[in-house]
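The values are calculated or read from the model by the stated rules, or taken from the named source; none is laboratory data. For clarity, every value in this text was computed on a predicted model and none was experimentally measured. Ideal geometry is used to build each Cβ from the backbone, glycine not excepted, and the neighbour counts take in all protein chains shown.
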Amino acid sequence: MKLKWQITVIAVLSLSFPWVVWLAFKSLDQTFQTSIVEAAQKQAQVIVSSVQIFNQQHNDSLSGYIPTALASDAALDGADTEWSGSPWYQVTPRMRFKLGQIDGQFQLLVAVKDDSSMTDPTGQRDQLIVALGDQRGMQKLTLNRQAEGPVIASLEQAAYQAYWHETADGYQVEIKLSNPDLWRLGLVAIDHLGPNQDVSFGHLEDQQIQLQALFRPASSWLDFLAQITPEDTEINIKDSAGRIYYHSSNPGDNPASIGWITELIYELAFDQNLATGSQFNGHQVTQPFPGGEIELLVNHNAAQLSLIQNFIRSVLSIFALAVVLLVGYFVYALILAWRIKRLHKGLQSVLDERGHISTALPSGHAKDEIGDLSRGMSAMLSQINDYTEYLKQLGSRLSHEMKTPISIVNTSLENLQMEQADNPFVERALKANHRLKFILNQLSALSQLKQVIAETEQTTFDLNNLLSDLVTGYQSQAPHLTYQPADQAIKVKGSPELMAQLLDKLVQNAIDFTTPKDDISLSLEKRNNRYLLQVSNSGSQLPTEHAAQLFDSLTSFRDQRDDQPHLGLGLYIAQLIATYHQAELSAENTTTNSVAFVLNGPLCRDKD
Amino acid sequence: MNHTPKRITIVEDEQDLLANYQATLTKHGYQTQGLTNLEAATAAFNETLPDLVILDVGLGHQADAGFQLCQMLRQKSATLPILMLTARDDEIDVVSGLRLGADDYLSKDISMPHLLARIASLFRRQEANVAQTSQAPLEKGPLKIMLDNLQVFWQEQLIELTVTEFWMVQSLARYPGQVKTRDQLMHDANVFVDDSTITSHIKRIRKKFQKADPDFDQIDTVHGMGYRWKP
């Protein structure tokens with residue numbers, strides 16, 4: 001796992017601390033809220049009993065039809081769309097109605113199930129009778145069944161407006177009444193089934209319309225409720241369908257209003273059950289009583305609200321701190337990972353194209369462990385550098401230091417030879433010394449070449465041209481050499497002199513291993529973005545068991561011993577030059593008793 | 001051999017090597033004087049100058065004592081043949097870069113016969129200068145090779161070549177267009193060195209000519225074979 005991810009995991013784990021704190025606050029809030037609800041329920045119990053007692057003392061005055069307030073622009077159209085907040089009063093299975101009030105005026109919506117429409121204008125027809133009672137007496141309105149549309153009231157009954165609406169299984173009539181102090185109501189529908197055959201239903205008893213009372217709030221109740229309403233509490237006394245008889249509230253010290261953001265945060269962070277309503281402002285407790293229920297709305301007082309706000313503030317600040325820490329951790333991880341990555345990159349590019357080791361690494365001045373690591377690696381690199389430098393100079397130093405003693409041996413032997421011209425021991429000693437000198441010269445030549453390679457500037461040249469030039473020289477020395485040039489210019493970056501030296505070595509090698517009866521073939525071709533230069537000759541094979549050491553220095557697998565010692569530096573030098581050209585030099589036995597040396601290198605990338 | 005033996009002073013800090021050089025030279029009829037340090041050499045040269053001086057570049061811990069002596073000697077005499085022996089190949093570059101006026105630079109591991117041949121040719125060059133005898137010079141276009149005093153002129157300008165370089169130029173220019181291998185050049189110049197030393201000799205020769213004529217481009221490298229003088 002990458003370092004930055006490791007640290008990220010640890011950072012995320014560190015979020016568990018604010019999470020635990022949040023859980024603690026949440027359960028604290030839960031306990032707090034539960035205690036408020038329990039207290040409210042006890043309060044509600046007390047209020048219910050006192051309301052029941054008061055009700056009994058006042059002749060069960062919690063009864064009657066309760067008109068619900070309607071929107072003042074409710075249209076008179078027989079439809080029940082604007083009545084949705086008002087529950088039905090079911091009179092009989094076939095008749096139900098709703099009672100509403102707009103600006104003190106009563107409005108009725110009566111729905112009757114009667115799928116046998118009788119609308120004969122002259123004879124019998126379905127009728128809806130509305131009986132209204134007030135202090136002056138009783139008034140009876142008779143509405144005849146008619147087609148969809150406004151009901152035209154007869155002259156003596158002008159105190160109402162109505163709209164007849166036919167439904168799938170009957171009709172629905174919306175009636176606007178004009179008498180404001182209505183206190184009793186009776187509804188009867190007459191369903192004519194045929195001639196002299198009709199059924200009546202509604203507020204009927206023994207074929208007499210029974211007027212039912214409407215609910216009228218009493219000031220004694222209001223006073224009583226104002227007395228028993230606790231601070232920061234609202235009481236609603238409702239009937240079984242939820243219509244409100246009485247409402248009473250005691251706002252107490254009005255708490256400062258709290259922003260919706262705080263409420264939203266509270267909902268998200270503390271509310272156990274998001275499906276229920278907000279607990280932020282308080283709790284709602286309902287207690288049933290015969291004939292309805294009592295609803296108690298307990299609002300949080302100022303102290304409770306500030307406690308909740310403190311909860312929120314604490315949790316928020318701990319979370320903010322955690323997020324800042326988290327971001328800090330992450331940035332730190334990124335920086336750390338970046339520094340290590342930079343060090344890694346620096347280490348990879350320590351060896352430049354020419355084999356120089358650069359000892360400067362990133363983070364070298366940092367005082368932490370990465371700085372130590374960088375300095376440690378720099379120190380190691382400079383040691384390697386020193387050692388490489390030492391090795392590079394070893395050859396020339398060695399040859400230099402040995403030159404003087406060898407010269408002494410040589411001059412001594414030569415003097416001796418002048419005196420004893422035919423002494424075979426002197427002869428042999430001179431021969432051996434001569435070889436020693438040759439070896440030394442080869443070694444110093446090699447170290448010189450390495451230096452030349454290190455110092456040579458790279459230029460772009462055409463390998464195809466160079467090869468054509470060289471082949472002329474080679475062929476004068478080895479007439480059995482054939483050349484297959486590339487069909488286009490092969491632009492290569494490097495040094496033509498060094499490249500020529502490489503080819504000299506390969507061709508010389510081929511010449512040494514062949515007789516004029518064998519073939520030496522040279523070929524150059526372009527393959528994709530690379531070139532392939534092949535020098536192959538027949539008549540010899542590579543020793544397969546030594547293939548890996550073929551290009552090593554001081555390794556020679558030649559059988560014949562010439563008078564000139566062979567150090568096996570040729571292919572090593574060729575390899576050095578190939579590396580300088582970023583090319584690969586390889587050798588293999590081809591099937592037909594021949595050997596091929598292949599130089600595979602990149603073409604110059606420059607367009608020009 | 002002349003009836004008055006030539007006096008050769010050898011400055012070399014290696015006693016054994018010095019003794020061997022002296023033995024060889026004495027055997028071949030030269031009168032030799034061996035000196036092992038800078039002070040002794042300075043004192044001796046202030047007293048009298050020999051006919052030829054062989055200088056080792058490094059004397060004891062003084063890595064460039066030979067250079068100082070060479071400079072001093074050249075101030076005293078413009079014609080005294082000076083032969084410098086170097087232990088390190090790259091010293092030749094340094095020495096020639098300093099333009100100290102030595103007549104030749106040889107590697108210390110030169111064989112005695114080669115050293116003797118070189119000394120003989122230096123004396124010959126000196127004598128030719130003194131005697132003003134004229135062997136017909138070799139002329140190839142702007143190149144004029146004075147075979148008797150081992151001098152080379154390019155476009156009438158004297159090119160200050162060492163004896164080794166002179167023989168190489170002579171070997172190349174005698175048959176223009178013909179490729180001379182490194183072995184042939186070594187043989188003609190009477191030196192025994194490795195290929196890369198020949199390469200650096202050729203480089204130096206080119207530089208010396210280019211100093212006189214920046215457009216000089218007469219010596220071709222024939223890769224894999226050697227060098228040739230452009231016809």
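Residues of the range A:415-427 being of a type in the set (Asp, Glu) and in a helix (DSSP H, G or I), which ones?
In the first step, residues of the range A:415-427 are kept if they are of a type in the set (Asp, Glu); the result is A:419, A:422, A:427.
Selection gives A:Glu419, A:Glu427.
Does B:Ala212 qualify as being away from chain A (no Cβ under 14 Å), surrounded by fewer than 20 Cβ atoms within 10 Å (Cβ to Cβ) and modelled with pLDDT of 85 or more? Walk me through it before giving the result.
On the way: away from chain A (no Cβ under 14 Å): yes; surrounded by fewer than 20 Cβ atoms within 10 Å (Cβ to Cβ): yes; modelled with pLDDT of 85 or more: yes.
Considered against the rule, which asks whether it is away from chain A (no Cβ under 14 Å), surrounded by fewer than 20 Cβ atoms within 10 Å (Cβ to Cβ) and modelled with pLDDT of 85 or more, B:Ala212 comes out as yes.
Which residues, taken from the range B:215-226, are within 11 Å of chain A (Cβ to nearest Cβ) and not charged (D, E, K, R)?
Answer for the range B:215-226, where residues must be within 11 Å of chain A (Cβ to nearest Cβ) and not charged (D, E, K, R): B:Thr221, B:Val222, B:His223, B:Gly224, B:Met225, B:Gly226.
Residues of the range B:48-92 being at positive phi and either polar (S, T, N, Q) or modelled with pLDDT of 85 or more (or both), which ones?
Once the filter is applied, which keeps residues that are at positive phi and either polar (S, T, N, Q) or modelled with pLDDT of 85 or more (or both), the range B:48-92 yields nothing.
Among (1) more than 14 Å from chain B (Cβ to nearest Cβ); (2) in contact with an Asp or Glu (Cβ under 6 Å, 6 or more places away or on another chain); (3) of a type in the set (S, T, N, Q), where does A:Ser407 come up short?
The one condition A:Ser407 does not meet is (1).
Considering only residues that are at pLDDT 75 or above and under 20 Å from A:Phe25 (Cα atoms), which ones fall in the range A:267-302?
Of everything in the range A:267-302, just one residue is at pLDDT 75 or above and under 20 Å from A:Phe25 (Cα atoms), namely A:His283.
Quick one: which residue in A:His434, A:His400 is closer than 26 Å to B:Glu12 by Cα and modelled with pLDDT under 80?
A:His400
Mind telling me which of the residues A:Ser374, A:Ser358, A:Ser349 ends up being buried (at least 17 other Cβ atoms within 10 Å of the Cβ) and either without any contact (Cβ under 8 Å) to a residue 40 or more places away in the chain or out of contact with any helix residue (DSSP H, G or I) (no Cβ under 8 Å at 6 or more places or on another chain) (or both)?
Selected residue: A:Ser374, the only one of A:Ser374, A:Ser358, A:Ser349 that is buried (at least 17 other Cβ atoms within 10 Å of the Cβ) and either without any contact (Cβ under 8 Å) to a residue 40 or more places away in the chain or out of contact with any helix residue (DSSP H, G or I) (no Cβ under 8 Å at 6 or more places or on another chain) (or both).
Restricting attention to the range B:43-61, which residues are exposed (fewer than 15 other Cβ atoms within 10 Å of the Cβ) and not hydrophobic (A, V, I, L, M, F, W, C)?
B:Asn46, B:Glu47, B:Thr48, B:Gly60, B:His61
When B:Leu25 is evaluated against the numbered criteria (1) within 14 Å of chain A (Cβ to nearest Cβ); (2) at pLDDT 90 or above; (3) buried (at least 22 other Cβ atoms within 10 Å of the Cβ); (4) touching an Asp or Glu at 6+ places or on another chain (Cβ under 8 Å), which criterion, by number, is the only one it fails?
Only one criterion is unmet by B:Leu25, namely (4).
Please tell me if A:Glu419 is within 13 Å of chain B (Cβ to nearest Cβ), more than 22 Å from A:Leu391 (Cα to Cα), of a type in the set (D, E, K, R) and surrounded by fewer than 17 Cβ atoms within 10 Å (Cβ to Cβ).
Criteria met by A:Glu419.
Could you check A:Ala218 against (1) touching a residue at least 24 places away in the same chain (Cβ under 8 Å); (2) surrounded by 15 or more Cβ atoms within 10 Å (Cβ to Cβ) and say which number it fails?
Looking at each condition in turn, A:Ala218 falls short on (2).
Those residues that are of a type in the set (S, T, N, Q), closer than 21 Å to B:Ile119 by Cβ and part of a loop (DSSP other than H, G, I, E, B), I need them from the range B:141-161; list them, please.
Residue satisfying the conditions is B:Asn149 alone.
Only residues in the range A:283-309 that are free of Cβ contacts under 8 Å to residues at least 60 places away in the same chain and under 20 Å from A:Ala44 (Cα atoms) count as the first member; pair them with residues that are in a strand (DSSP E or B) and of a type in the set (S, T, N, Q), Cβ under 8 angstrom, at least 6 apart or cross-chain, and list the lot.
A:Glu293/A:Thr286; A:Glu293/A:Gln287
When the range B:28-41 is examined, which residues are found to be among the small types (Gly, Ala, Ser), surrounded by 13 or more Cβ atoms within 10 Å (Cβ to Cβ) and in contact (Cβ under 8 Å) with a residue 24 or more places away in the chain? Before the answer, list the steps.
From the range B:28-41, those among the small types (Gly, Ala, Ser) are B:29, B:34, B:40-41; that's our starting set.
Then keep just the ones that are surrounded by 13 or more Cβ atoms within 10 Å (Cβ to Cβ); that gives B:34, B:40-41.
Of everything in the range B:28-41, those that are among the small types (Gly, Ala, Ser), surrounded by 13 or more Cβ atoms within 10 Å (Cβ to Cβ) and in contact (Cβ under 8 Å) with a residue 24 or more places away in the chain turn out to be B:Gly34, B:Ala41.
Select, from A:Leu446, A:Leu430, A:Leu398, the only residue that is of a type outside the set (Ser, Thr, Tyr), surrounded by fewer than 16 Cβ atoms within 10 Å (Cβ to Cβ), in a helix (DSSP H, G or I) and more than 60 Å from the chain's Cα centre (by Cα). Give the steps one after another, and end with the answer.
Working: A:Leu446 fails: surrounded by fewer than 16 Cβ atoms within 10 Å (Cβ to Cβ); A:Leu430 fails: surrounded by fewer than 16 Cβ atoms within 10 Å (Cβ to Cβ).
Criteria check complete, one pass: A:Leu398.
Could you look through the range B:1-50, keep only residues that are of a type in the set (Val, Ile, Thr) and assigned to a helix (DSSP H, G or I), and pick out the one that is farthest from B:Leu80 (Cα to Cα)?
My answer is B:Thr24.
Testing B:Arg204 on (1) basic (Lys, Arg); (2) in a helix (DSSP H, G or I); (3) within 14 Å of chain A (Cβ to nearest Cβ), one condition comes back false. Which one is that?
(3)
Take A:Asp206 and decide whether it is of a type in the set (D, E, K, R) and in contact with an Asp or Glu (Cβ under 8 Å, 6 or more places away or on another chain). It would help to see each step written out before you state the result.
On the way: of a type in the set (D, E, K, R): yes; in contact with an Asp or Glu (Cβ under 8 Å, 6 or more places away or on another chain): no.
Considered against the rule, which asks whether it is of a type in the set (D, E, K, R) and in contact with an Asp or Glu (Cβ under 8 Å, 6 or more places away or on another chain), A:Asp206 comes out as no.
Is it the case that the range A:220-238 has a residue that's within 30 Å of A:Val51 (Cα to Cα), among the aromatic types (Phe, Trp, Tyr) and at pLDDT 80 or above?
yes
From the set of residues in the range A:551-608 that are part of a loop (DSSP other than H, G, I, E, B) and at pLDDT 85 or above, which is surrounded by the fewest Cβ atoms within 10 Å (Cβ to Cβ)? Give the derivation first.
To start, the set of residues in the range A:551-608 that are part of a loop (DSSP other than H, G, I, E, B) comprises A:551-569, A:581-583, A:591-593, A:603-608.
From the residues that got through so far, the ones that are at pLDDT 85 or above too are A:581-583, A:603.
Details: A:His581: 20, A:Gln582: 13, A:Ala583: 22, A:Leu603: 17.
The selected residue is A:Gln582.
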